[in-house]
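This report refers to the structure that appears directly beneath it.
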Amino acid sequence: MANILLLLLSLCLSPVWCQFGFLPSKAPASPAIADRCFCELKGNVDECECSVDFVDKFNNYRIYPRLKSLLPKNYFRFFTVNLKKPCPFWPDEGGCASTACAVESCTEANIPREIFQIKENMSNLFGPANNPKLLLTEVQTAGTCSEGSDEELGYLNTTLTKQMSADLALWKLHDDTQHSFCDVDDDNNIDTVFVDLLLNPERYTGYKGPSAQRIWKTIYEENCFKPKRGYGPYIDSTNVGDLCLEKRAFYRAISGLHASINIHLCAQYLHSHGVPGMQHWGMNLEEFQIRFDPETTNGEGPKWLRNLYFLYLLELRAIAKAAPYLEQLPFYTGNETEDTEVNAAVYDLLNQIKSFQPHFNESSMFTGGSKQAQKLKEEFRHHFRNITRIMDCVGCDKCKVWGKLQTQGLGTALKILFSGSFDKANPTAFDLKSMKRSRFQLTRNEIVALFNAFGRLSNSIYNLETFRQAAEN
């Protein structure tokens with residue numbers, strides 16, 4: 001019996017298992033939460049040349065406010081995703097058992113009609129658009145629209161008008177997967193839908209247990225690089241230094257993404273108070289402490305938070321590198337007034353991002369042009385593509401949408417940094433029309449994923465300051 005208890009204790013104290021969700025049900029009682037959870041958030045970010053404090057100030061005052069006003073705009077709020085794509089790695093476990101996790105459609109009469117009208121086609125610049133097939137045929141014919149109550153935490157709202165469905169089809173750009181780090185959903189698949197991200201915010205859904213734990217376990221155990229000998233199945237702060245720069249960067253990016261997602265769930269947590277009708281969404285400091293306190297994570301929680309900053313700088317650099325390309329995109333929706341506002345806001349955001357120094361230096365990775373470097377780069381790409389495919393195994397539809405969006409956003413950033421296309425372009429004489437399709441192109445969905453994924457990281461860093469202040473009071 002004693003041996004069994006020791007085994008269970010060791011599992012709980014294992015850093016990765018704690019991050020999967022095998023955590024104590026209650027945070028340790030101590031007033032010094034801020035001192036413990038945020039103890040690693042100082043000095044320079046790992047693999048980078050700027051400080052955590054500088055990133056905090058730059059993000060919270062210059063980036064976060066701009067993204068907060070930009071991302072709700074029509075161009076960035078609709079993301080295409082296939083929620084019925086089968087899991088390629090293990091048999092379907094049936095997903096979420098609750099009806100709250102189901103995707104529901106609404107009658108057109110129940111949908112707000114403030115959707116803009118498309119006035120012209122983008123085909124002159126990008127070529128003819130194909131019409132993605134939308135899951136809008138099995139709508140309700142009577143009754144009221146079910147928008148999902150607070151109890152239905154996993155509910156995914158796929159509300160779209162027929163006009164919006166037709167308009168969104170005009171936005172589609174031809175895809176270019178030559179350098180893709182993602183397993184991208186096929187827009188022509190009948191199961192591909194447009195999801196309004198404003199109607200389906202990322203927050204706590206109650207998705208947990210063996211299914212959720214299996215997702216992260218597979219990502220860390222089978223898709224993160226590990227030292228060849230003498231270590232267990234997981235990477236943590238004690239052995240990540242034994243990896244080469246490229247493999248360290250891979251681990252830090254995945255760990256940072258995982259930390260960011262956990263922050264979102266703690267920042268938008270459903271407080272029920274045990275009284276029907278008294279639920280509200282808000283910050284949960286105790287849940288944050290359970291997920292990041294070194295006492296509940298074998299010392300790893302604060303280092304996971306530190307990896308968030310690495311990922312932020314990686315995606316920040318990708319957007320800066322792609323800025324000459326992005327500045328010439330029309331960000332077209334057909335609403336002339338909003339399109340003008342969005343283009344001005346994007347241009348302003350890109351100017352802020354370009355002003356940041358020093359950026360993450362991707363040129364130090366995959367260097368030498370040797371076959372070994374190219375092999376490592378391909379292995380890097382293959383591992384990340386596998387992670388994007390694992391998102392099809394998520395059992396909660398709302399979690400799947402945000403998992404797919406954030407991994408595709410990171411994959412798009414990696415594509416920008418390591419495809420080589422922008423290394424050859426002259427930023428001072430960049431011509432979008434002359435950019436050959438065989439060289440490089442971003443689809444609208446990749447751009448939406450890139451900006452929203454970076455927005456999630458920006459939101460996480462902003463929320464860290466809120467948690468820090470709450471912990472100090």
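The values are calculated or read from the model by the stated rules, or taken from the named source; none is laboratory data. Please read all numbers here as calculations on a predicted model, not as lab measurements. Cβ sites come from the backbone with ideal geometry, for glycine too, and all protein chains shown count toward neighbours. Side chains included, ligands, DNA and RNA excluded: accessible areas come from the protein's heavy atoms. Shrake-Rupley method; radii C 1.70, N 1.55, O 1.52, S 1.80 Å.
One residue stands out in segment 75-87 among those that are over 13 Å from V193 (Cα atoms) and buried (at least 22 other Cβ atoms within 10 Å of the Cβ): the one that is modelled with the lowest pLDDT, namely Y75. Every residue in segment 212-236 that is modelled with pLDDT of 85 or more and of a type in the set (G, A, S), please. If the condition is that a residue be modelled with pLDDT of 85 or more and of a type in the set (G, A, S), then A212 is the only one that fits. On the stretch given as segment 6-63, residues that are open to solvent by 80 Å² or more (accessible area, probe 1.4 Å), assigned to a helix (DSSP H, G or I) and at pLDDT 90 or above total 5. If you go through segment 380-393 and keep only what is over 15 Å from Y220 (Cβ atoms) and touching a Phe, Trp or Tyr at 6+ places or on another chain (Cβ under 8 Å), you end up with F380, R381, R385, T388, R389. When every residue of segment 382-398 is checked against the conditions, at least one turns out to be without any contact (Cβ under 8 Å) to a residue 12 or more places away in the chain and either open to solvent by 70 Å² or more (accessible area, probe 1.4 Å) or part of a helix (DSSP H, G or I) (or both).
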